[in-house]
Amino acid sequence: MTGLAPLPASAQTPLRIVAFGDSLTAGYGLPPESAFPVLLEAALRARGHNVSIANAGVSGDTTTGGLARLDWSVPDGTDAVILELGANDMLRGIDPAIARQALDAVITRLKARNIAVLLAGMRAAPNLGQAYAERFEKIYTELASKHDLVLYPFFLDGVTGDNARVLPDGLHPNEAGVKTIVERILPTVEKFIVSLQAAR
C-alpha cells in the first residue's frame with residue numbers, strides 16, 4: 001500500500017511503567033484484574049496512551065524492603081516508576097527518618113538508571129500523633145522537591161474513611177476504592193506520561 005506513513009517508534013512501542021509499591025499497589029484481597037496497575041493501564045489506554053504497567057507491588061513491604069528488591073523488581077528497559085511506599089512504615093511506627101532515607105535511595109538509584117519517577121504520598125494515621133504525622137508526611141513533599149519529581153500527595157485520597165471503598169479490614173481499598181484511586185490519580189499520571197512521551 002502507498003500513501004501511509006509509518007508510525008513513529010514512540011507510537012509503536014508502549015511506554016513501560018512499573019507500579020512499585022506495597023499491598024495498595026499489589027491489589028491485596030482483590031482478583032488480579034482489579035489491582036491498581038491493571039485498572040490504571042486500562043484507563044490510560046482508553047484515553048489513547050500507549051502504555052504498559054507492570055505490577056511490582058508486594059504486600060507488607062516497607063520502604064527498606066522496597067529498596068532491597070528494587071533492582072530485580074524494576075527491569076532494564078523500564079521508562080518510568082510509580083513509587084508508592086511508606087504506608088507500612090507508618091503503620092508500624094517506624095522512624096520517618098528511616099523511611100525517608102530508603103525512599104531517597106530508591107529514587108536516586110532509579111534516576112541513575114534514567115527512569116522517571118512519579119512519587120505517591122501517604123498520610124499518617126491520627127493515632128500516631130501530630131508530631132509523627134508532620135515528620136512522616138513531609139517526607140514526600142521534601143523528596144519531590146529535592147529530586148524534582150511529579151508528586152501525587154495522597155495515594156488513598158477519596159478512599160480512606162469511606163467504608164464503601166475499603167475492605168472489611170478498613171485499610172485496603174476494595175474494587176470501588178481502586179477505581180476511585182485511578183480516577184483521582186489519572187490526571188497527574190497523564191501529565192507525567194505526556195512529558196515522558198514528548199521526550200522520547
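Here the 3J(HN,Hα) profile of segment 16-21, calculated from phi with Karplus coefficients 6.51, -1.76 and 1.60 at θ = phi - 60°, is 8, 10, 10, 8, 10, x Hz, Gly and Pro shown as x. Our note on the geometry: Cα centres of segment 137-197 and segment 10-73, 13 Å apart. Taking every DSSP beta bridge with both residues inside the chain, roughly what % is antiparallel (nearest 5)? Around 5 percent antiparallel, to the nearest 5. Sequentially through segment 25-33, phi angles give Karplus couplings (6.51, -1.76, 1.60; θ = phi - 60°) of 7, 5, x, 3, x, 10, x, x, 6 Hz, Gly and Pro residues having no value and appearing as x. With each label modelled as a point 7 angstrom along the Cα→C-beta vector, the Thr141-Ser195 pair spans 1.9 nm. Taking all Cα pairs closer than 8 Å and separated by 6 or more residues, the relative contact order of the chain comes to 21 percent. Of the DSSP H helices in the chain, those with a Cα length along their own long axis of 18 Å or more and a mean Kyte-Doolittle hydropathy reaching 0.5 comprise 175-199.
Relative to the current alpha-carbon distance between Ala125 and Asp169, full extension at 0.36 nm per residue lengthens the span by 14.4 nm. With protein chains left intact and a 1.4 Å probe, residues in the chain average 49 Å² of accessible area per residue.
The values are calculated or read from the model by the stated rules, or taken from the named source; none is laboratory data. Just so it is clear, the model here is predicted, and its values are computed rather than measured. Here Cβ is always computed from backbone atoms with ideal geometry, including for glycine, and neighbour counts include all displayed protein chains. For accessibility, only protein heavy atoms count, side chains too; no ligands or nucleic acids. Shrake-Rupley method; radii C 1.70, N 1.55, O 1.52, S 1.80 Å.
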